[in-house]
1. List the residue pairs whose Cβ atoms are under 6 Å apart, where the first residue sits in the stretch 275-286 and is farther than 14 Å from G252 by Cβ, the second is assigned to a loop (DSSP other than H, G, I, E, B) and open to solvent by less than 80 Å² (accessible area, probe 1.4 Å), and the two are 6 or more positions apart or on different chains.
2. Quick one: in the stretch 98-134, which of the residues that are among the hydroxyl-bearing types (S, T, Y) and in contact (Cβ under 8 Å) with a residue 24 or more places away in the chain is surrounded by the fewest Cβ atoms within 10 Å (Cβ to Cβ)?
3. Collect the residues in the stretch 7-29 that are of a type in the set (S, T, N, Q), open to solvent by less than 40 Å² (accessible area, probe 1.4 Å) and out of contact with any Ser or Thr (no Cβ under 7 Å at 6 or more places or on another chain), keeping them in residue-number order.
4. When you scan the stretch 44-72, how many residues do you find that are touching a residue at least 12 places away in the same chain (Cβ under 8 Å) and either more than 15 Å from G102 (Cβ to Cβ) or open to solvent by less than 50 Å² (accessible area, probe 1.4 Å) (or both)?
5. When you go through T221, T215 one by one, which is the residue that is more than 20 Å from the chain's Cα centre (by Cα), in a loop (DSSP other than H, G, I, E, B) and surrounded by 15 or more Cβ atoms within 10 Å (Cβ to Cβ)?
6. Go through (1) in contact with a helix residue (DSSP H, G or I) (Cβ under 8 Å, 6 or more places away or on another chain); (2) open to solvent by 50 Å² or more (accessible area, probe 1.4 Å) for D95 and report which single condition fails.
7. Going through M75, M1 one at a time, which residue ends up being open to solvent by 20 Å² or more (accessible area, probe 1.4 Å), among the aliphatic types (A, V, I, L, M) and in contact with a Ser or Thr (Cβ under 9 Å, 6 or more places away or on another chain)?
8. Any residue that is open to solvent by 70 Å² or more (accessible area, probe 1.4 Å) and at pLDDT below 95 - is there at least one of those in the stretch 225-246?
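The values are calculated or read from the model by the stated rules, or taken from the named source; none is laboratory data. All of these numbers come straight from a predicted model, not from anything done at the bench. Because the Cβ atoms are built from the backbone with ideal geometry, glycine has one as well, and the counts that use them run over all protein chains shown. For accessibility, only protein heavy atoms count, side chains too; no ligands or nucleic acids. Shrake-Rupley method; radii C 1.70, N 1.55, O 1.52, S 1.80 Å.
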Amino acid sequence: MKLAFSNYVYEVASWPIEKTLASARRFGFTYTEFAPVGSVELSDMSAARRCEVIRIHKDHGLRSAQLLLVNVRPMVSSDASVRDKVLDYMKECCDFQLELGGRQVLVCGGCGLLRSDIPWERAWVNSTDTIRKLAEWGLEKGILVDLEIEPQVYFLLNSSAKAAKMVEDIDMPNVFINLDLGHFALNREAPSSIEKLKNRIIQIHLSDTEGLEHTNSILGTGCVDFRSYFTKAIDLGIEENCARVGEPCVAGIELGDRGKSVDDPERWLRESLKYLSIHLPEITLC
């Protein structure tokens, strides 16, 4: 399994993308998990700037293993025009990911933010319908849609059981599950809970947390039992799943939170890499 670099913690620290991607290369990464936020928010980039970011990414020899679809919380809306706007945004992100040289996109935000004025069942139908439309549109393009399980109760997709049900309800061959190990720890879901997702796991997020709050801390400073979750994912065939769809098996390092300051993203990454080299040496940079 290979390690992937995320620009997110650098965006929290307000680094320009040029400096961020140069850092990824200095550390020796090949794969990235690209978060289009902050300085690389798609809606804020001109066509010329977008091409420049893609060029810089490729010039550093980087490959986008996953692109995060971050602005998706309204997909549960009862307003069809709002859902269509989210769908258009996700399609634009998919096109950007293809231009970066990758195929996987991650539906973040627990596939929708729950609202008190929308029944849970209706929110579920609205979200699954929107994601199904994305998967259908992306199928011929080779797009692989990953779903993220969030730990908070106010997100629609917040447990492994719901994730298994959502994959079943969407019923598309290009829809998969992303395992964020910090989220599983916050949800108090043991490694055995992954079993129900066995054939649909194709990527891991390595995030750490202090146990009661979603902190995306430096790896090794929180409570996550990385070894147990990682071993379970390997035993369940994550590498075989990736090979079946022609994708590298990747674990992305996810650090930083917009609500908290990051003094030096390279220090956060360096300390996380040191922890992984000791506790999960099977995950390598190249």
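1. Every condition considered, the pairs that remain are Y275/L219; Y275/G220; C286/T30.
2. T128
3. Once the filter is applied, which keeps residues that are of a type in the set (S, T, N, Q), open to solvent by less than 40 Å² (accessible area, probe 1.4 Å) and out of contact with any Ser or Thr (no Cβ under 7 Å at 6 or more places or on another chain), the stretch 7-29 yields T20, S23.
4. Residues that pass the stated criteria total 16.
5. After applying the criteria, what remains is T221.
6. If we test D95 against (1) in contact with a helix residue (DSSP H, G or I) (Cβ under 8 Å, 6 or more places away or on another chain); (2) open to solvent by 50 Å² or more (accessible area, probe 1.4 Å), just (1) comes out false.
7. Just one listed residue meets the conditions, M1.
8. No, there is no match, as no residue in the stretch 225-246 is open to solvent by 70 Å² or more (accessible area, probe 1.4 Å) and at pLDDT below 95.
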